[in-house]
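Undergrad: Submitted below is the structure of interest, expressed as structure tokens.
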Amino acid sequence: MSLVRNLRYHFMKDLGSPALMRFSRATRKRRSRQPNPNFGPPLEASARLKEIMTRHYFLSRYAEGAKPVAWVSSGAPVELLRPFDFYTVYPENHGALCGAQKMGPELCSVAEEHGYHQDLCSYARIDLGHYFSRKTPAGKLPKPDLLFASNNICQTVVYWYKALAHYWQIPLILFDTPYNFEEINGIDIAYMVRQFEEMIPTLEKVSGRRFNYRKFQGIIRIAKEASNTWGEVLDTMKARPAPMTIFDAFGHLAPIVSLRGLPVALEYYRTLLGELKERVDRGMGAITNEHKRLMWDNIAIWYKMRDLSNLFAARGMNFVTATYTNAWAETIPYMAESRPFESMAKTYSLVILNNNLNHRLGLMERLIKEFQVDGLVIHSARSCKPYSVGQYDLRRLLMQRLGVPSVVIEADITDSRAYSEEQARIRMEAFFEAMGV
Amino acid sequence: MNYFAGIDVGALSTEAVILDGKGELAGYSIVGTGANSTEAAEEALQKALVLVGRSYDEIKRTVATGYGRACVPFADKKITEISCHALGAHHLFPDTGTVIDIGGQDSKVIRVGEGGKVLDFTMNDKCAAGTGRFLEVMAAKLQVSLDKMGDLSLRAGGDVRISSVCTVFAESEVVSLVAQNHPKEEIIRALHRSIVNRVWSMVKTLGVHIAVTMSGGVAKNRAVVSFMEEKLGHSIHVHTEPQIVGALGAALLARK
């Protein structure tokens with residue numbers, strides 16, 4: 001790592017980025033939006049979230065050469081990278097950002113021009129499109145020194161990251177999690193722990209730092225606390241009216257995905273939780289007139305967040321839970337500082353997308369009951385096959401068991417070309433009619 | 001006497017239905033939608049009014065449905081065609097448990113409950129597989145008029161198969177079947193099987209709930225209905241004018 005770059009990174013971290021934050025705060029005040037009468041006052045923590053994420057992407061461009069940089073998949077056990085002081089960038093989080101900024105089709109097209117098929121996950125296409133064009137709404141992403149992925153979310157990441165490793169000519173660490181058909185047994189755990197042990201020499205080599213077990217344990221503790229706090233944040237939505245909508249939660253998810261294991265994520269969720277609890281105490285709802293409570297299944301439709309949020313809020317419908325946001329809180333109780341490797345193996349192999357459909361059915365049933373859900377909106381995402389497979393069976397079973405009405409919207413997470421406004425609208429309106437709103 | 005109107009502005013055709021104060025069907029009309037949905041809705045209603053011998057002032061309430069429902073400025077309410085088809089089918093055949101509506105641009109399967117309430121539904125995704133458009137494209141390719149397709153198909157035997165449900169790919173399959181000198185009738189029969197297979201998979205996702213009523217323009221095609229009945233192992237209700245089921249449902253809602 002170069003000394004000059006290191007100095008520059010620290011200068012930007014301590015002086016440059018706070019200055020940028022002050023500037024962005026000053027300019028934000030000038031652009032006040034007309035308040036929408038269907039929503040309660042916006043969350044104050046949102047400003048802090050924006051600061052944290054802007055700073056994360058802003059600083060990332062100075063990380064290159066100053067710190068080891070890793071690109072990481074959303075389900076990878078990033079805690080193992082933290083003791084080596086890697087600057088982590090999440091292509092999936094970046095993909096969501098591109099989606100929200102409506103850059104999905106443009107970057108996907110670049111990947112398609114290089115021969116990648118339209119049926120490939122659009123996060124992967126955006127990431128590869130970024131590689132070929134270097135276009136990003138974040139300004140610039142740092143060149144990675146290492147790629148770190150786990151197939152606990154899908155098999156696509158395996159080939160996507162192999163392609164990245166080929167293009168960047170850098171090492172790839174792949175964490176292979178056995179699929180949980182019935183239960184994860186001792187042999188599976190041993191297999192995963194052995195992989196962690198094998199990763200350490202590579203991580204030491206790439207980062208130039210020795211592995212520090214104590215530091216690692218500390219990180220496990222912070223990561224667990226942050227995820228637990230995130231779980232508590234989500235739990236506040238059990239209140240009637242719910243103090244937050246799931247569309248807010250999709251945004252507030254960013255730190256637990258990209259900054260897991262860092263103190264800033266924990267600090268942020270404590271602030272957010274405090275504000276939400278206060279709202280619950282004061283009976284303040286995220287939407288002004290909460291008639292019906294809904295559950296969302298699958299990843300967000302990033303380019304349609306505002307439209308959908310307005311559409312549902314106008315009818316007094318609030319999304320109070322989602323299998324997606326829950327994924328970063330669900331398996332965290334397995335995590336244990338005293339047995340970091342074994343517990344991490346369990347935490348990461350039992351996540352929703354590496355788990356069987358019976359588990360998902362049970363989870364959805366539990367969420368519907370605990371959050372008093374009246375209806376279910378299922379996003380069948382063209383990109384995410386592991387998440388979308390089985391959805392029709394799940395909805396049929398949930399309808400039979402709990403009598404919950406549901407609707408399936410066929411769309412994509414970031415590639416808006418796979419979204420048909422009229423087709424989606426008619427489905428949703430029929431759902432509204434069936435729910436009597 | 002008060003009258004009630006339902007207008008279904010579809011992708012290819014627009015229907016208007018007028019009910020009298022007792023809820024009896026007074027008259028209906030079907031026109032092509034063309035490029036202007038508002039004009040098509042006005043034209044359809046005007047035609048129906050002429051047929052019934054009434055003026056627009058006598059219409060107490062109007063409900064619009066279909067893809068162009070937002071483009072009917074004189075409608076008092078806009079309701080999706082899913083609710084309207086369910087209600088219309090239930091009105092015509094009170095034992096309806098499932099509606100299969102195959103229209104010009106989309107096909108949908110609706111599970112209908114008591115009083116014509118929608119219990120569940122599924123639709124084709126963003127492609128023309130299993131829709132009227134599929135048959136329209138193939139009719140043009142084979143130079144056969146659309147309304148003759150059904151009869152031609154029922155006359156045919158043979159074992160020609162079209163494996164694709166995609167309109168574009170099926171069209172290229174048709175081209176190669178024509179090149180292999182397969183009789184037109186057999187190819188048409190295979191096309192009908194293909195569309196029925198596509199829609200059948202949608203029926204299966206909701207589960208089969210007898211009785212089944214078919215609506216939409218494609219229900220006029222005897223071969224599609226007959227192949228669907230074969231799959232179902234049961235007869236299917238089809239009204240003499242299946243295209244007006246959606247507009248009828250809208251008119252019933254206007255009267256509610």
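The values are calculated or read from the model by the stated rules, or taken from the named source; none is laboratory data. It should be emphasised that the depicted structure is a prediction, and the values quoted were computed from it without experimental measurement. Quick reminder, even Gly has a Cβ in these numbers, built from the backbone with ideal geometry, and neighbours come from all protein chains shown.
Each row is one residue, and each column tells you yes or no for (1) within 24 Å of residue A:124 (Cα to Cα); (2) in contact with a Leu (Cβ under 8 Å, 6 or more places away or on another chain); (3) hydroxyl-bearing (Ser, Thr, Tyr).
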{"position": "A:382", "(1), (2), (3)": "yes, no, no"}
{"position": "A:385", "(1), (2), (3)": "yes, no, no"}
{"position": "A:390", "(1), (2), (3)": "yes, yes, no"}
{"position": "A:394", "(1), (2), (3)": "no, yes, no"}
{"position": "A:399", "(1), (2), (3)": "no, no, no"}
{"position": "A:402", "(1), (2), (3)": "no, no, no"}
{"position": "A:411", "(1), (2), (3)": "yes, no, no"}
{"position": "A:415", "(1), (2), (3)": "yes, no, no"}
{"position": "A:419", "(1), (2), (3)": "yes, no, yes"}
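Undergrad: Out of (1) more than 14 Å from chain A (Cβ to nearest Cβ); (2) under 14 Å from the mean Cα position of the chain (by Cα), what's the single condition that is false for residue B:57?
TA: Residue B:57 satisfies every listed condition except (2).
Undergrad: If I filter region B:70-86 down to residues being more than 9 Å from chain A (Cβ to nearest Cβ), surrounded by 23 or more Cβ atoms within 10 Å (Cβ to Cβ) and not aliphatic (A, V, I, L, M), which single residue comes out as nearest to residue A:437 (Cα to Cα)?
TA: B:84
Undergrad: OK, next. Give region B:101-132 a look and list any residue that's assigned to a helix (DSSP H, G or I), within 14 Å of chain A (Cβ to nearest Cβ) and buried (at least 16 other Cβ atoms within 10 Å of the Cβ), or say none.
TA: Selection gives B:116 alone.
Undergrad: Of the conditions (1) more than 20 Å from the chain's Cα centre (by Cα); (2) touching a residue at least 12 places away in the same chain (Cβ under 8 Å); (3) more than 14 Å from chain A (Cβ to nearest Cβ), residue B:30 clears all except one; give me its number.
TA: (1)
Undergrad: Would you kindly identify the helices (runs of 4 or more DSSP H) lying entirely within region A:1-91 that contain at least 3 residues that are within 19 Å of the chain's Cα centre (by Cα)?
TA: A:45-63
Undergrad: When only residues in region A:3-47 that are surrounded by 11 or more Cβ atoms within 10 Å (Cβ to Cβ) and of a type in the set (Ser, Thr, Tyr) count, which is modelled with the lowest pLDDT?
TA: Among those residues, the one meeting the criterion is A:24.
Undergrad: Kindly indicate whether residue A:318 is part of a helix (DSSP H, G or I), among the polar types (S, T, N, Q) and either farther than 27 Å from residue B:207 by Cβ or free of Cβ contacts under 8 Å to residues at least 40 places away in the same chain (or both).
TA: no
Undergrad: Condition test on residue A:369, is it more than 24 Å from residue B:122 (Cα to Cα), among the basic types (Lys, Arg) and either crowded, with 18+ Cβ neighbours inside 10 Å or within 14 Å of chain B (Cβ to nearest Cβ) (or both)?
TA: Taking the combined requirement at face value, the residue does not satisfy it.
Undergrad: In region A:427-437, which residue that is at pLDDT below 90 and either at the interface with chain B (Cβ under 7 Å from one of its Cβ atoms) or on the phi > 0 side of the Ramachandran plot (or both) is surrounded by the fewest Cβ atoms within 10 Å (Cβ to Cβ)?
TA: Across region A:427-437, the extreme among qualifying residues is A:436.
Undergrad: If I ask for residues that are surrounded by fewer than 19 Cβ atoms within 10 Å (Cβ to Cβ), within 12 Å of chain B (Cβ to nearest Cβ) and part of a helix (DSSP H, G or I), which ones from region A:398-408 would you list?
TA: If the condition is that a residue be surrounded by fewer than 19 Cβ atoms within 10 Å (Cβ to Cβ), within 12 Å of chain B (Cβ to nearest Cβ) and part of a helix (DSSP H, G or I), then A:399, A:400 are the ones that fit.
Undergrad: Still on this structure, please answer the following. Being in a strand (DSSP E or B) and either over 12 Å from residue B:8 (Cβ atoms) or at pLDDT below 95 (or both) is the filter here, so list the residues in region B:55-76 that pass it.
TA: Across region B:55-76, the qualifying residues are B:59, B:60, B:61.
Undergrad: Can you find a residue that is outside any helix (DSSP H, G or I), within 11 Å of another protein chain (Cβ to nearest Cβ), surrounded by 21 or more Cβ atoms within 10 Å (Cβ to Cβ) and not polar (S, T, N, Q) anywhere in region A:410-419?
TA: Looking through region A:410-419, at least one residue is outside any helix (DSSP H, G or I), within 11 Å of another protein chain (Cβ to nearest Cβ), surrounded by 21 or more Cβ atoms within 10 Å (Cβ to Cβ) and not polar (S, T, N, Q).
Undergrad: Another question, if that's okay. All but one of (1) crowded, with 20+ Cβ neighbours inside 10 Å; (2) among the hydrophobic types (A, V, I, L, M, F, W, C); (3) over 12 Å from residue A:184 (Cβ atoms) hold for residue A:345, so report the exception by its number.
TA: (3)
Undergrad: Looking only at region A:292-307, decide whether some residue is buried (at least 21 other Cβ atoms within 10 Å of the Cβ) and acidic (Asp, Glu).
TA: Checked against the condition, which is being buried (at least 21 other Cβ atoms within 10 Å of the Cβ) and acidic (Asp, Glu), region A:292-307 yields at least one hit.
Undergrad: Can you confirm whether region B:138-155 contains a residue that is within 30 Å of residue B:79 (Cα to Cα) and within 14 Å of chain A (Cβ to nearest Cβ)?
TA: Scanning region B:138-155 turns up no residue that is within 30 Å of residue B:79 (Cα to Cα) and within 14 Å of chain A (Cβ to nearest Cβ).
Undergrad: When region A:384-396 is examined, which residues are found to be more than 9 Å from chain B (Cβ to nearest Cβ) and either crowded, with 16+ Cβ neighbours inside 10 Å or within 21 Å of the chain's Cα centre (by Cα) (or both)?
TA: A:384, A:385, A:386, A:387, A:388, A:389, A:391, A:394, listed by residue number.
Undergrad: Which of the numbered conditions does residue A:339 fail, given that it passes all the others? Conditions: (1) modelled with pLDDT of 95 or more; (2) within 11 Å of chain B (Cβ to nearest Cβ); (3) more than 17 Å from the chain's Cα centre (by Cα).
TA: Tallying (1) modelled with pLDDT of 95 or more; (2) within 11 Å of chain B (Cβ to nearest Cβ); (3) more than 17 Å from the chain's Cα centre (by Cα), residue A:339 fails exactly one: (2).
Undergrad: If you don't mind, there's one more thing I want to ask. In the set A:376, A:361, which member is more than 10 Å from chain B (Cβ to nearest Cβ), closer than 23 Å to residue A:235 by Cβ, at pLDDT 95 or above and crowded, with 20+ Cβ neighbours inside 10 Å?
TA: A:376
Undergrad: Counting only residues that are of a type in the set (Val, Ile, Thr), part of a helix (DSSP H, G or I) and in contact (Cβ under 8 Å) with a residue 60 or more places away in the chain, how many does region A:347-366 have?
TA: So the answer is 1.
Undergrad: Keeping to region A:100-149, report how many residues are under 26 Å from residue A:309 (Cα atoms), part of a helix (DSSP H, G or I) and among the charged types (D, E, K, R).
TA: 1
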